[in-house]
Amino acid sequence: MHFDTNTIQEFLETKYNYVHDVEPVADGWWSQALTFFSGEEKLVLRINQHPADFQKDVFAWEHFNSADLRVPEIKSTGNFNGNYFYCVSEFVDGIPSDRVLAADHLPLHLPLADIILNQLDLIHQLPTTQLQGWGYTGPNGNGLFESWEAFLLSIHNSKYAVSWQELAGKTWLNGPLFEKLLDKMKTWFPFLPKEKKVLHGDYGFDNLLLTPEGKVAAVIDWAEMMLGDPLYDLVHMCEPWIQRSGITYIDLWKKRKEEKPNEILNFEERLQCYNIHYTLFHMHIHTVRKEEKEYREVERWAMENL
């Protein structure tokens, strides 16, 4: 998926006045992103085939945005072209966190790492009493699964419907390994928490914008928002097959939580469970995306370490 800037300019001119300086920002796994000006106002345009992603951004802005947790305002969403949809949001000037602080450099920048984890804690402290379900959420903020365990077993992403069993029958996906790891993951289920929290689902990296002074400018892209165990957000920040020396975000998070024993209850068992799930999820998604090199890297790590 990639629309040229002329096509995008023509579309924007049907929605906004005085459109100029349309500039590509990035092409992610699922979206194309650009910036543009409407008069003097700078805005962000994203295009993809998954309108629920943008509806979740609307939910996050309407329910989570505050002085302590900055979520960009969503200006408009709708159909772009056929099966493609758009979202226009305010532009927040910031630097993606992974450009400011690489994970391998945490020991040298602990104050900044603390700022990043403080913002994540604020997300995990958002109220959930009015939210139903577990796992990935829909546009209304409710989880799509009846339990956290049901979500973990689903290896689910709303962007693709094919099951791992189907993939194992017609692709390189290693069915016996997948089934073995699923069974092992289930042995950790008795140790999982029964209280759910709001998870960003894709926190850090280019979804956390920082100011030049090292403050949080905004948390963007809530498409992978979940209801579940906060530790899962940390597993995403420390992908298990990427070997790092020294302290990690998980280490820092655990140390911060040791003053609250309930939050790190069964820590090692939960971590093992989520390392397996996160690995299976990526074996699945790399197969769907026909990324055999990336799949083999994750599969090899799984066979040696799980």
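The values are calculated or read from the model by the stated rules, or taken from the named source; none is laboratory data. Just so you know, these numbers come straight off a predicted model, no measurement behind them. Don't worry about glycine lacking a Cβ; one is built from the backbone with ideal geometry, like all the others, and counts go over all protein chains shown.
Count of the range 95-114 residues, restricted to those that are crowded, with 18+ Cβ neighbours inside 10 Å, out of contact with any Phe, Trp or Tyr (no Cβ under 9 Å at 6 or more places or on another chain) and either of a type in the set (Val, Ile, Thr) or assigned to a helix (DSSP H, G or I) (or both), is 1.
Within the set Leu182, Leu117, Leu106, the sole residue that is in contact (Cβ under 8 Å) with a residue 12 or more places away in the chain, within 28 Å of Val288 (Cβ to Cβ), among the aliphatic types (A, V, I, L, M) and not assigned by TED's automatic domain parsing to the domain that holds Asp53 turns out to be Leu182.
Which is surrounded by fewer than 18 Cβ atoms within 10 Å (Cβ to Cβ), modelled with pLDDT of 95 or more, touching a helix residue (DSSP H, G or I) at 6+ places or on another chain (Cβ under 7 Å) and outside the structural domain of Ser31 (by TED's automatic domain parsing), of Gly175, Gly214? Residue meeting the stated conditions: Gly175.
Residue-by-condition table, conditions (1) part of a strand (DSSP E or B); (2) within 29 Å of His156 (Cβ to Cβ):
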residue	(1), (2)
Leu209	yes, yes
Glu213	no, no
Ala217	yes, no
Asp221	no, yes
Tyr232	no, yes
Val235	no, yes
Gln243	no, yes
Gly246	no, no
Glu259	no, no
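For the range 28-73, residues that are of a type in the set (A, V, I, L, M, F, W, C), within 22 Å of Leu122 (Cα to Cα) and assigned to a loop (DSSP other than H, G, I, E, B) total 3. Considering (1) in contact with a helix residue (DSSP H, G or I) (Cβ under 6 Å, 6 or more places away or on another chain); (2) aliphatic (A, V, I, L, M); (3) buried (at least 20 other Cβ atoms within 10 Å of the Cβ); (4) not in a loop (DSSP other than H, G, I, E, B), the lone condition that Ala168 does not fulfil carries the number (3).
Quick grid of which residues meet (1) among the aromatic types (Phe, Trp, Tyr); (2) in the same structural domain as Asn157 (by TED's automatic domain parsing); (3) modelled with pLDDT under 95:
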{"residue": "Val19", "(1), (2), (3)": "no, no, no"}
{"residue": "Asp27", "(1), (2), (3)": "no, no, yes"}
{"residue": "Phe36", "(1), (2), (3)": "yes, no, no"}
{"residue": "Gly39", "(1), (2), (3)": "no, no, no"}
{"residue": "Lys42", "(1), (2), (3)": "no, no, no"}
{"residue": "Arg46", "(1), (2), (3)": "no, no, no"}
{"residue": "Lys56", "(1), (2), (3)": "no, no, no"}
